[in-house]
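Undergrad: My questions will all concern the structure given below.
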Amino acid sequence: EHWLAIVGLRYDDFDVELRNNRNGSVLRSEDGLLSPRAGLVYKPIEEVSIYGSYSMSYLPRAGDQLASLTASNAALDPETFRNREVGVKWDIRPELAATLAVYRLDRGNVAVSDPADPTRSILVDAQKSEGVEIGIAGRITDAWQLMGGYAYQTGELTESLSASAPAGSRLAQLPRHSASLWNRYDFNDRFGAGLGIVHRGAIYANIDNLVSLPGFTRLDGAFYWTVNPSLQLQLNVENLLDKRYFASAHNNNNITPGAPRSAWVTLNFHY
């Protein structure tokens, strides 16, 4: 009664064809992929679960990844992921839970931007990332809902690719620190409001670690109106303070800014 096992096997049949209209070449990829998963859970008491898991998965190649690589360098082989994780979940009470997880993720055959030529991609078969994540989600009171988390991550190349990407280089797009916290408070049965904060530490734009995107902290908000049991109206506002920040990067010369203050309304109708 204290032990649970999770065992799974997934099969994907993936077929993609790309025609390059500039030179008439055609690349085609056919993948039959088996992804195993196994986990073991120990529950010393009903409210606590301690677990360990292993999983392997794939991400087939598609789109411009095929155009910027050549068949001779294994471009058609899918990206691989091997994840090992241990953690604990604690049901503080029926509607509030906390989690803690420690993991290691190994990625293989990853397409990344070539530091020497941003128009091309190269394959990396040696990426390792490790991290710790903590989270909490649920109701503090009948009116107050909370969802938050913090992650500390490290990641590096485990083999040298070139003089500009030696072993030990930090992985691109991987912040050392990231966190988020979202609150929703319902004033009554009809009206509620939400306020959240998102933080991401600095990241490198590419594996050569020459360009760094600074960290940022962003505030988001929401307003909820239950017009009647069948109709709900929701207003979301992202980046309340109109913070200027950089969200992501494809390479050192292709950097995407974060969205300015933006808002949208959602109407939900139940019948």
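Undergrad: Report the net charge of residues surrounding Tyr185, where surrounding means a beta-carbon distance below 12 angstrom and charges are Lys +1, Arg +1, Asp -1, Glu -1. Walk me through the numbers before you get to the answer.
TA: Numbers: positive: Arg139, Arg184; negative: Asp142, Asp186.
The answer is 0.
Undergrad: Shifting gears a bit: Can you tally the net charge around Tyr224? Count Lys and Arg as +1, Asp and Glu as -1, for every other residue whose Cβ sits under 12 Å from the Cβ of Tyr224.
TA: For residues surrounding Tyr224, the net value is 0.
Undergrad: Once R0 is set to 41 Å, what does the formula 1/(1 + (r/R0)^6) return for the Cβ-Cβ distance between Ala167 and Phe187, expressed as a FRET efficiency to the nearest 0.05?
TA: My answer for the efficiency is 0.15.
Undergrad: Based on the alpha-carbon set only, what is the convex hull volume of region 121-269 divided per residue, in Å³?
TA: In region 121-269, the Cα hull volume divided by residue count equals 136 Å³.
Undergrad: Also, quick follow-up: Please compute the alpha carbon radius of gyration of region 205-247, then divide it by the globular-protein estimate 2.2 N^0.38 Å. Two decimals is fine.
TA: Relative to the rule-of-thumb radius for its length, region 205-247 sits at 1.94.
Undergrad: Counting only residues 5 or more places away or on other chains, whose amide H sits under 5 Å from the amide H of Arg61 once H atoms are built in the peptide plane?
TA: Amide H neighbours of Arg61: Glu79.
Undergrad: Considering the values (i) 19.2; (ii) 22.1; (iii) 20.0, which represents Kirkwood radius over Cα pairs in Å as calculated for the structure under consideration?
TA: (ii)
Undergrad: Additional query: With each run of n ≥ 4 DSSP H residues scored as -39500 (n - 2.57), what mean residue ellipticity at 222 nm is computed for the chain after dividing by its residue count and rounding to the nearest 500 deg cm²/dmol?
TA: Values: 1 runs with 4 residues, N = 271.
Using -39500 (n - 2.57) per qualifying helix, the result is 0 deg cm²/dmol.
Undergrad: Moving on to the next point. With a 1.4 Å probe and all protein chains left in place, how much of the accessible area of the chain comes from carbon and sulfur atoms, in whole percent?
TA: Within the chain, the accessible surface is 57 percent carbon and sulfur.
Undergrad: On to the next question. Could you name the lysines in cross-link range of Lys43, using Cα to Cα under 19 Å and dropping any fewer than eight places away on the same chain?
TA: Within the straight-line limit of under 19 Å, Lys43 reaches these lysines: Lys89.
Undergrad: So what J values fall out for region 144-149 if you push phi through Karplus, 6.51 cos²θ - 1.76 cosθ + 1.60 with θ = phi - 60°, rounded to Hz, Gly and Pro as x?
TA: Ordered by residue, 3J(HN,Hα) equals 10, 10, 9, 9, x, x Hz.
Undergrad: Also, quick follow-up: Using mean Cβ contacts within 10 Å as the protection proxy, how do 12-18, 181-187 order, highest first?
TA: So the peptides 12-18, 181-187, ranked by packing, come out 181-187, 12-18.
Undergrad: To continue, here is another question. Working out 0.36 nm times the residue gap between Glu156 and Asp125, then minus their Cα-Cα distance, what length gain in nm do you get to one decimal? Display every interim value, and only then the final one.
TA: Details: separation 31, 0.36 × 31 = 11.16 nm, distance 1.17 nm.
Result for the pair: 10.0 nm of gain on full extension.
Undergrad: Here's another thing I want to ask about it. Place a label point 7 angstrom from the Cα of Val102 along the Cα-to-Cβ direction, then list the residues of region 147-186 whose backbone nitrogen is under 16 Å away.
TA: 151-154
Undergrad: Starting from the 7 Å offset along Cα-to-Cβ, what nm value, one decimal, do you get for the label separation of Val48 and His2?
TA: Going from the Val48 label point to the His2 one covers 1.1 nm.
Undergrad: Please find the FRET efficiency linking Asn253 to Arg22, where r is the Cβ-Cβ separation and R0 is fixed at 22 Å, and quote it to the nearest 0.05.
TA: Result of the calculation: an efficiency of 0.50.
Undergrad: For Phe223 and Asp15 in one chain, what is 0.36 nm times their gap in residues minus the Cα-Cα distance, to one decimal in nm?
TA: Values: separation 208, 0.36 × 208 = 74.88 nm, distance 4.38 nm.
Stretched fully, the Phe223-Asp15 segment lengthens by 70.5 nm.
Undergrad: Counting Lys and Arg as +1 and Asp and Glu as -1, what is the net charge of the other residues whose Cβ lies under 14 Å from the Cβ of Arg37?
TA: Neighbour charge sum, excluding Arg37 itself: +1.
Undergrad: Given contacts defined as C-alpha pairs under 8 Å and at least six residues apart, what's the relative contact order of region 127-244, whole-number percent?
TA: 18 percent.
The values are calculated or read from the model by the stated rules, or taken from the named source; none is laboratory data. Quantities reported herein were computed from a predicted structural model and do not represent experimental measurements. For neighbour counting, all protein chains shown are included, and Cβ atoms are generated from backbone atoms with ideal geometry for every residue, glycine included. Ligands, DNA and RNA are stripped out before the accessible areas are found, and what is left, the full protein with its side chains, is counted by its heavy atoms. Shrake-Rupley method; radii C 1.70, N 1.55, O 1.52, S 1.80 Å.
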